[in-house]
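K.L.:
Take a look at the following structure, please.
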Amino acid sequence: MSESQQLYESLREFLWRKLELSPKAHYNPDFLIKDDIISIRPNLIIDDGRERYVIEVKKKLSMVAVSVINLYKDLISKRSDRHSYHFLIVCKTSAPLEEAIAKAAGIDVLLLPPGAKIPGIEEAKPSAGVKLTSERSWMVISSLLKEKVASIRQLALKSNVSYGWAHKVIEALLSQGIATREGGYIAISDINKLLNGVAWERPFEGLLAREIHLDKKSAFEAACYISQLMKNANIDCAFTSYTAAGLYTGYSVRGDMAYAYIKKEYIDSLIDLLSEDIAKDGVAVRLYIPDRDVFKDTRELEGVSVVSPAQTLLDIAGLGYAGKDVTMKMVEKYAAL
């Protein structure tokens, strides 16, 4: 029995009672949500005549879970079929803020009874104690994305980590169905699962410290100005997320907001240097506190100091559904960056 079938069987009585399903309702294991870029299979799909229930099952309700369901809604809205769709998150625990956001997005939240067993719910977590978004792990993964096909020894050398650590990371990718091995060589086989895991494990917005507004015409102008200002002041500051991804890929991104890393102890200095440019309205600049050394491989693109391609991809993937389009552009161009 597949993991999704086990999950369905374990929750069947609960779902029938909560959703008031008819005797003809049935689990649909073949339903895929897809477009030209991605193809996703939700945890559960239940069909009940013309009613179709799209369900994600999580231990805890989170913004990432809400983003995933919103992605499903967005993709399904582009298709035409006879079903009326309902979107749900089934979880063990939740919080008022996340519940309110889910409700506002048209997503129902069902809380499982205490002690409920949910098979396979841990499959997105790193195995064998490996956190895929840790600094050393991401060095291995980003090297594999750049090389596309490589041996563990090659990845260890290119990432400057031990063979043992590279092996541990690759085993985690293999165990989660993210990578495949053939003849001693490894390749990423499910980029969507990898990126979803990044968003789940390291939500980028969790690093946000402050947002300010500058009297500038665009995010690019603000980024250029701050880059030069910080360079003159000898303060580490580098742009990431949409700002860096747009410069790396040439992909059009929002022009009213810039995203920058700066160490916590320098935020006040930055605010002081920008005091004459701060305005109530204008371009938003979001400041993030780095959780690793993001400044060691910075580049200057069109006058803007940006983090490395590897860090940019990690951060933009950490936005989940919100950054889907530009994330896929980064993946597409990554080998050449």
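The values are calculated or read from the model by the stated rules, or taken from the named source; none is laboratory data. Small disclaimer: the values here were computed from a predicted structure and weren't measured. When we count neighbours, we look across all protein chains shown, and the Cβ atoms used for this are built from the backbone with ideal geometry, even at glycine. Ligands, DNA and RNA are excluded from the accessible area calculation, which covers all protein heavy atoms including side chains. Shrake-Rupley method; radii C 1.70, N 1.55, O 1.52, S 1.80 Å.
K.L.:
Under 13 Å from the Cβ of residue 163, count the other residues' Cβ atoms, weight Lys and Arg +1, Asp and Glu -1, and hand me the total.
P.N.:
Around residue 163, the surrounding residues sum to +3.
K.L.:
Ok, one more. Which net charge results for the neighbourhood of residue 95, defined as the other residues with beta-carbon distances under 15 angstrom from its beta-carbon, given Lys and Arg at +1 and Asp and Glu at -1?
P.N.:
Every neighbour counted, the sum reads +3.
K.L.:
State the three equivalent ellipsoid semi-axes of the range 51-208, derived from the C-alpha gyration tensor as the square roots of 5 times its eigenvalues, in descending order and whole Å. List each step's numbers first, then the result.
P.N.:
Values: eigenvalues 231, 62, 42 Å².
Result for the range 51-208: semi-axes of 34, 18, 15 Å.
K.L.:
Restricting to DSSP loop positions (anything but H, G, I, E, B) with no more than 14 other Cβ atoms inside 10 Å of their own Cβ, which GluC sites (Glu not before Pro) remain in the range 234-337? Spell out each step's value before the answer.
P.N.:
Details: sites: 265, 276, 300, 302, 332; in loops: 276, 302.
Those that pass, being in a loop and sparsely packed, are 276, 302.
K.L.:
Let me ask something else. Can you give the % of DSSP beta bridges in the chain that are antiparallel, to the nearest 5?
P.N.:
Details: 28 of 47 bridges.
Among the beta bridges of the chain, antiparallel pairing accounts for roughly 60 percent.
K.L.:
Loop-only GluC sites (Glu not before Pro) in the range 63-124, please: DSSP not H, G, I, E or B, and at most 15 other Cβ atoms within 10 Å.
P.N.:
On the way: sites: 98, 99, 122, 123; in loops: 122, 123.
Passing sites in the range 63-124 are 122, 123.
K.L.:
Report in % the part of the accessible area of the range 153-280 that belongs to carbon and sulfur, leaving out ligands and nucleic acids; probe 1.4 Å. Walk me through the intermediate numbers first.
P.N.:
Details: 3030 of 6520 Å².
That fraction is 46 percent.
K.L.:
Now, a different point. For the chain, what is the charge dipole size about the Cα centre, in debye to the nearest 20, if Lys and Arg each add +1 at the Cβ and Asp and Glu each add -1 at the Cβ? The partial results should precede the final answer.
P.N.:
Details: 44 positive and 44 negative charges, 158 e Å.
Roughly 760 debye, rounded to the nearest 20.
K.L.:
Mean-square fluctuation check for the chain, GNM, Cα pairs under 10 Å: which of 312, 249, 93 is largest?
P.N.:
Between 312, 249, 93, it is 93 that shows the largest mean-square fluctuation.
K.L.:
In the chain, with Lys and Arg counted as +1 and Asp and Glu as -1 at Cβ, which of these residues, 184, 290, 132, has the Cα nearest the positive end of the dipole, that is, farthest along it?
P.N.:
Toward the positive end, the furthest listed residue is 184.
K.L.:
Another question, if that's okay. With a 1.4 Å probe and all protein chains in place, put 241, 10, 308 in order of accessible area, largest first.
P.N.:
Details: 241 0, 10 50, 308 20 Å².
Sorted by accessible area, descending: 10, 308, 241.
K.L.:
Tell me the label-point distance for the pair residue 82, residue 337, using the 7 Å Cα-to-Cβ offset, in nm and rounded to one decimal.
P.N.:
It works out to 4.5 nm between the two label points.
K.L.:
Which value does Rg/Rh take for the chain over its C-alpha atoms, Rh per Kirkwood?
P.N.:
Values: Rg = 21.9 Å, Rh = 21.8 Å.
Rg/Rh: 1.00.
K.L.:
How much solvent-accessible surface does residue 220 expose, in Å² to the nearest 10, with a 1.4 Å probe and all protein chains in place?
P.N.:
Spelled out: residue 220, probe radius 1.4 Å, area about 90 Å².
K.L.:
Of 80, 212, 175, which is farthest along the charge dipole of the chain in the positive direction, counting Lys and Arg as +1 and Asp and Glu as -1 at C-beta?
P.N.:
Positive-most Cα among the choices belongs to 175.
K.L.:
Summing +1 for each Lys or Arg and -1 for each Asp or Glu, what net charge is found among the other residues whose Cβ lies under 9 Å from the Cβ of residue 132?
P.N.:
Working: positive: 131, 202; negative: 201.
Local net charge: +1.
K.L.:
Percent of alpha carbon pairs in the range 258-322 separated by more than 20 Å?
P.N.:
Values: 756 of 2080 pairs.
Distances greater than 20 Å cover 36 percent of the Cα pairs.
K.L.:
Suppose every K and R has +1 on its Cβ and every D and E has -1 on its Cβ; what is the size of the dipole of the range 193-261 about the Cα centre, in Debye to the nearest 20?
P.N.:
Working: 7 positive and 7 negative charges, 25 e Å.
Dipole magnitude for the range 193-261 comes out near 120 debye.
K.L.:
Okay, next question. Tell me, what is the Rg over Rh of the range 192-232, with Rh the Kirkwood radius over Cα pairs? Intermediate values should be presented prior to the final figure.
P.N.:
On the way: Rg = 15.3 Å, Rh = 12.9 Å.
With Rg and the Kirkwood Rh in hand, the quotient comes to 1.18.
K.L.:
How big, on average over all directions, is the shadow cast by the Cα convex hull of the range 145-251, in nm²?
P.N.:
Numbers: hull surface 38.1 nm².
Taking the Cα atoms of the range 145-251, their convex hull projects to 9.5 nm² on average.
K.L.:
Now, a different point. With springs connecting C-alpha atoms under 10 Å apart, model the chain as a Gaussian network and identify which of 260, 238, 105 has the largest mean-square fluctuation.
P.N.:
In this elastic network of the chain, the residue with the biggest mean-square fluctuation among 260, 238, 105 is 105.
K.L.:
Could you please tell me the mean projected area of the C-alpha convex hull for the range 206-337, averaged over all directions and given in square nanometres to one decimal? Each step should come with its number before you reach the end.
P.N.:
Working: hull surface 29.7 nm².
Orientation-averaged projected area of the Cα hull: 7.4 nm².
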